[in-house]
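The next block holds one structure in the form of structure tokens; read it before the comments.
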Amino acid sequence: MEKDPFLEIFATRLAALREQRNKSAREMSLDLGQTHSFINAIETQRYLPTMLNFVEICRYLGVTEKEFFDYDNENPKMTGELYQEIIKLDKKSQEYFLNLIRDVNNRPKPGSK
């Protein structure tokens, strides 16, 4: 029987976000009040968490449920922190940083032509 591709995507995202927090699967499982193999079972695609467990996982990782599924955002926690700092700035400062970010994003990547 073929595995659901969603399981792989979910498991990969969970592992990446967990590793950003420098937590082992066992440590995260125990921190969440689960058995030592809880996160490992999800990451090895044996099952998906319940909705309640998913919400608890997101809180633990410091991401919203929406950010968890935003696969283009490799570091949603940092993106959220950036947002929280930017909204504190006045309009002129926000424009300055927006232009700075655009400039950095438009520079050629090292090793490209």
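Any read-out appearing in this document is the output of simple, stated calculations on the displayed coordinates, not a laboratory observation. All values derive from a computational prediction rather than experimental measurement. Counting neighbours? That spans all protein chains shown, and the Cβs are built from the backbone with ideal geometry, glycine included.
Look at where the Cα atoms of segment 60-96 and of segment 1-38 average out, and the two centres are 23 Å apart. Listed options for Rg and Dmax of the Cα atoms in Å are (i) 17.9, 57; (ii) 12.7, 34; (iii) 15.5, 51. The value calculated from this structure is the one marked (i). Can you tell me the orientation of helix 76-86 relative to the chain, as the angle in degrees between its alpha-carbon axis and the longest Cα principal axis, to the nearest 10? Roughly 30 degrees between the two axes. Shown for segment 55-113: lysine pairs separated by 8 or more places, or found on different chains, whose C-alpha atoms are under 30 Å apart, numbering 11.
Here is the list for segment 1-109: GluC sites (Glu not before Pro) lying in DSSP coil, each with at most 10 other C-beta atoms within 10 angstrom of its C-beta, are 2. Summing charges over all other residues whose Cβ lies under 12 Å from the Cβ of residue 74, with Lys and Arg as +1 and Asp and Glu as -1, gives -2.
What is the fewest-to-most order of 29, 93 by other Cβ atoms lying within 10 Å of their Cβ? The partial results should precede the final answer.
On the way: 29 19, 93 11.
Exposure proxy ranking, most exposed first: 93, 29.
Once the gyration tensor of the Cα atoms in segment 72-113 is diagonalised, the equivalent ellipsoid follows with semi-axes of 23, 16, 5 Å, ordered largest first. Extension gain for residue 106 to residue 86 (0.36 nm times residue separation, less C-alpha to C-alpha distance): 5.2 nm.
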